[in-house]
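A.B. asks: Pasting a structure below so you can have a look.
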Amino acid sequence: MANPLSTILLVALLTLSTAAATRTKLQSTNNVDGICKSLVETRGYACEEHKVTTADGYVLGLQRIPAGRSGNETAAKLPVLLQHGLLMDASAWLLNEPDKALAFILADKGFDVWLANARGTESSRGHTSLSPNDPAYWDWSWDELTAYDLPAAFQYVNNQTGQKLHYVGHSLGTLTALAAFSQEKLLNLLRSAALLSPIAYLGQISPLGRTAADIFLAQGLALLGSQGFPNEQVNRLLDFICTRPGIDCSNFLSVTTGPNCCLSSSSTDALFKHTPQTTSTKNALHLFQMVRKGTIEMYDYGLPITNIKHYRQPTPPVYNMANIPKDVPLFLSYGGRDPLSNVFDVNLLLDNLKDHDKDKLVVQFREDYAHMDFIMAMNANQVVYDPLLSFFGLH
């Protein structure tokens, strides 16, 4: 059970940041150098910054690592798209040294690596007609990430490379992929998908997460006109928490993502330099609805008449995981100490996939792993990424 101080810290992080959003204009924190210059080229890799516009007008940043440090250009390089989790951006795949960070490992293995950034993050603040200071800019949840962001990135990579792609998602990046696959979308552009800390259900999340969900939902409807979680406010609160006696950021990370087994202090320091990224209040509300209901469905507008306006039915449509085609190659890796991708919730997902073709589904369980281990652990290159690469090799 989470201790009372831990619960207070997380609830404070959520409620103070959203309350501040209702009265503070969002200040852009764009890194002038960008992810390529600050995190990739400094490690000796070539890197390209790309832009793609979604069907609903959001301009997203993509980073491309076209080759490893050895310059291993080949005519048949296969593209792989990496999608980060909540409150993160593409830097999530670049926090460790090259031999331990998945993006660099893939590049050195000969893949054409593409890093996606969800709308609202530093690399993806553009829009064809809206400013991040406009409340309408933030009127989205992960439904829109599924319906617009992911298809735009898939199609762009396919257009640039002329090939179907492998996909790697972490946390929220698995939820959006699973939702799309359940609607039989993106499959014509997909070779295979690797889902790390997979999230489809959140009903068995930790008591800490459930407490945060209850408090957030209680005041959330009043925040729908706000402008998301502003970085400035969240960073101030994190700075305050991390300087209090008896509290350090590594412990705070454990409070929110579980007792990660294998993180280095340098990668943890790098994480806090690049997170939290900005998301929308509506996105957080949608996730907390999943916690309360234990379901995976579209955003619930609360009133049947409002749902009818959006969906032509009084309740939100469900993303049915059992509808994922049985021949889609899937690699799922989850941890025994992860409070967000909870073992019981993952087992519910696996139950929905029980009829999946046996040669198309690989499931890996790491008893000692928590949520961030899958992208930051010092041994992930051996215990997670090596099996992942073997899986890619089969597809």
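A.B. asks: What FRET efficiency comes out for Thr295 versus Glu367 if R0 is 30 angstrom and r is the Cβ-Cβ distance? Round to the nearest 0.05.
C.D. replies: Efficiency at R0 = 30 Å is approximately 0.60.
A.B. asks: Another question about this same structure. Near Val384, within a Cβ-to-Cβ distance under 12 Å, what is the net charge of the other residues, with Lys and Arg +1 and Asp and Glu -1?
C.D. replies: Result for the neighbourhood of Val384: -1.
A.B. asks: Additional query: Given an 8 Å cut-off on Cα distances and at least 6 residues of separation, report the relative contact order of the range 277-379 as a percent.
C.D. replies: 23
A.B. asks: Which ³J(HN,Hα) values in Hz, rounded to whole numbers, follow from the phi angles of the range 337-348 under the Karplus curve 6.51 cos²θ - 1.76 cosθ + 1.60, where θ = phi - 60° and Gly and Pro get x?
C.D. replies: For the range 337-348, the Karplus curve yields 10, 8, x, 9, 9, 5, 4, 5, 5, 5, 5, 5 Hz.
A.B. asks: Based on the Cβ-Cβ distance from Asn347 to Arg69, what FRET efficiency comes out when R0 is 51 Å, to the nearest 0.05?
C.D. replies: The value I calculate is 0.80.
A.B. asks: Okay, next question. Taking 0.36 nm per intervening residue step and subtracting the Cα-Cα distance, what contour gain separates Ile305 from Asp357 on full extension?
C.D. replies: 14.7 nm
A.B. asks: Once amide H atoms are built 1.01 Å from N in the peptide plane, which residues 5 or more positions from Leu332, or in another chain, come under 5 Å H to H?
C.D. replies: So Leu332 has HN proximity to Leu195, Val362, Val363, Gln364.
A.B. asks: Treating the Cα atoms of the range 124-196 as identical point scatterers in vacuum, please give the log10 of the normalised Debye intensity I(q)/I(0) at q = 0.16, 0.18, 0.20 Å⁻¹, two decimals.
C.D. replies: Once normalised to I(0) and log-transformed, intensities are -0.63, -0.76, -0.89.
No value in this document is a laboratory result; all are computed from the given coordinates. Quick caveat, the model's predicted, so the values are computed rather than measured. Here Cβ is always computed from backbone atoms with ideal geometry, including for glycine, and neighbour counts include all displayed protein chains.
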